[in-house]
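Step one of this worksheet: look at the structure below.
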Amino acid sequence: MENTNEYKDNKVITSIFDKNEGPMRFFFGSIFFVTGLILLLFSFLYKLDIEVIIRNTFTGFLCGGILIYMLNDATVRGLFAYDNGQKRNRFVFSYYAALIMSMFLPLITAEVWPFLFVFLLLGLFSTNEIGLFSGSMLVMFSVLLEKEGSYSEFFVYFLSGTVILVLLRDLTETTKIGVPLFISMALLFTLLIAYDILFQNRTFSVTMLIAPFVNIIISSILMLVLLNIFGIYVIRKSNDRYMDINDTEYPLLVQLKETDKDAYFRAIHIAYLSERIALDLGLNARAVKTMSYYYKIGVIDGSKSWADVKHFYFENNFPEEAVSYLKEYIENDKTKPLSKESAIIYMCETLIASITYLFEKNKDTKINYDELIDKIFLHKMENRELYDYDISLYELERMKKLMKKEKLYYDFLR
């Protein structure tokens with residue numbers, strides 16, 4: 001495994017998805033100016049006092065700048081889930097649409113503001129942290145534009161938005177959304193009553209609950225539509241992409257086989273073993289299998305460093321999380337803990353290489369696999385090589401036991 005430390009110093013300013021950095025820098029930069037200027041414009045249109053206009057404009061530019069930093073930080077560190085890092089324009093357009101909507105919401109009662117949907121929309125297309133911050137700042141903008149805005153309106157949507165993002169994070173095709181939506185809707189309804197209805201200067205009546213009910217209905221419909229679209233076009237698409245690239249007949253793997261059969265079959269064996277371990281440990285088995293197949297894909301054209309090999313992953317539209325793991329494994333930057341997934345690949349690669357080496361020396365040799373595996377793990381622990389990975393002793397022990405269960409499979413390496 002190549003260590004490309006000469007590239008690691010540039011990680012702070014270089015995204016793993018840097019082929020579209022030019023246009024995305026423009027989009028990100030525009031957030032700062034557009035946010036501040038739109039808030040300035042609508043503050044004038046609502047005929048607010050000059051000191052309020054100054055405050056709102058300053059707040060708009062400040063929040064826009066913070067949001068740009070958060071987006072850039074998530075890009076550099078590969079924090080985006082799904083394929084959001086490759087398609088960051090989805091968040092930008094969603095943010096602008098939500099920003100414009102938040103400018104008009106002060107014209108209607110705060111009890112029907114659909115901010116629960118906005119939090120979920122922005123969170124799904126970025127990260128939970130970015131979704132929480134951007135959703136909160138839009139709520140704040142709407143409150144600031146009201147002539148009699150109240151902190152209670154902000155807290156209603158901030159609290160309910162936080163809950164919906166927490167309950168619906170890390171969505172998969174099998175995620176059950178019914179209970180999270182019900183909890184979020186019930187909380188929103190309760191907060192609207194506690195923070196708004198109870199403080200209205202009139203006798204309580206059932207008609208006062210109409211606006212909160214309308215909010216619940218509208219928000220539920222919007223979120224169900226959003227989750228359905230997201231599931232079809234993002235989650236399922238990502239799953240389908242894994243199925244394609246993890247197929248041994250995928251053109252890139254066929255090209256690897258034609259270039260270096262040994263590297264190809266070694267990748268197949270590592271993938272078999274590492275996928276089983278990842279599944280047992282509850283880790284990202286799809287990404288681990290992809291790492292096993294493609295971390296040595298550079299042999300096709302002699303590429304060794306991340307900078308030289310990454311074009312294979314971009315050109316074949318690999319899922320972002322898989323590219324992030326591959327980048328980590330290829331760079332092997334030990335200045336910070338490496339992932340559990342990388343630890344699995346590293347140990348499986350070491351075991352397969354050791355067994356292959358012994359068989360190459362003597363095809364008929366009889367190997368005590370339990371003893372060999374124990375020696376490999378002991379050697380790595382004594383040399384403190386496993387200290388570089390964010391993996392527990394329990395998980396290492398599980399990994400060792402699973403490796404020992406595959407004795408019959410190792411004979412295929414002869």
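Keeping to the range 136-170, report how many residues are of a type in the set (Lys, Arg) and under 18 Å from residue 99 (Cα atoms).
0
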Quiz item: If we keep just the residues of the range 59-84 that are among the hydroxyl-bearing types (Ser, Thr, Tyr) and part of a helix (DSSP H, G or I), which is nearest to residue 39 (Cα to Cα)?
Solution: 59
Exercise. Please specify each residue of the range 366-396 satisfying the condition of being basic (Lys, Arg) and under 33 Å from the mean Cα position of the chain (by Cα).
Key: 380, 384
Quiz item: What single numbered condition from (1) open to solvent by 20 Å² or more (accessible area, probe 1.4 Å); (2) charged (D, E, K, R); (3) within 19 Å of the chain's Cα centre (by Cα) fails to hold for residue 47?
Solution: (3)
Quiz item: Would it be correct to say that residue 183 is open to solvent by 30 Å² or more (accessible area, probe 1.4 Å), part of a helix (DSSP H, G or I) and among the aliphatic types (A, V, I, L, M)?
Solution: yes
Quiz item: Right, residue 82: surrounded by 13 or more Cβ atoms within 10 Å (Cβ to Cβ), touching a Phe, Trp or Tyr at 6+ places or on another chain (Cβ under 7 Å) and at pLDDT below 80 or not?
Solution: no
Practice problem: Check off (1) of a type in the set (Asp, Glu); (2) within 17 Å of the chain's Cα centre (by Cα); (3) open to solvent by 50 Å² or more (accessible area, probe 1.4 Å) for residue 73 and give me the number that stays unchecked. | Solution: (3)
Self-check item: Selection count, the range 332-354, where residues are open to solvent by 10 Å² or more (accessible area, probe 1.4 Å) and in a helix (DSSP H, G or I)
Solution: 7
Quiz item: What residue, among those in the range 137-157 that are out of contact with any Gly (no Cβ under 8 Å at 6 or more places or on another chain) and touching a residue at least 60 places away in the same chain (Cβ under 8 Å), is nearest to residue 66 (Cα to Cα)?
Solution: 137
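Being of a type in the set (Lys, Arg) and under 14 Å from residue 327 (Cα atoms) is the filter; apply it to the range 265-313 and report the residue that is surrounded by the fewest Cβ atoms within 10 Å (Cβ to Cβ).
Within the range 265-313, the match that is surrounded by the fewest Cβ atoms within 10 Å (Cβ to Cβ) is 304.
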Exercise. Give the residue, chosen from 371, 321, 360, 397, that is surrounded by fewer than 19 Cβ atoms within 10 Å (Cβ to Cβ), modelled with pLDDT under 90 and in a helix (DSSP H, G or I).
Key: 360
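The values are calculated or read from the model by the stated rules, or taken from the named source; none is laboratory data. Computed from a predicted model, the values in this text were never measured in an experiment. No Cβ is skipped: glycine too gets one built from the backbone with ideal geometry, and neighbour counts run over all protein chains shown. The accessibility values were calculated without ligands, DNA or RNA, using every heavy atom of the protein model including side chains. Shrake-Rupley method; radii C 1.70, N 1.55, O 1.52, S 1.80 Å.
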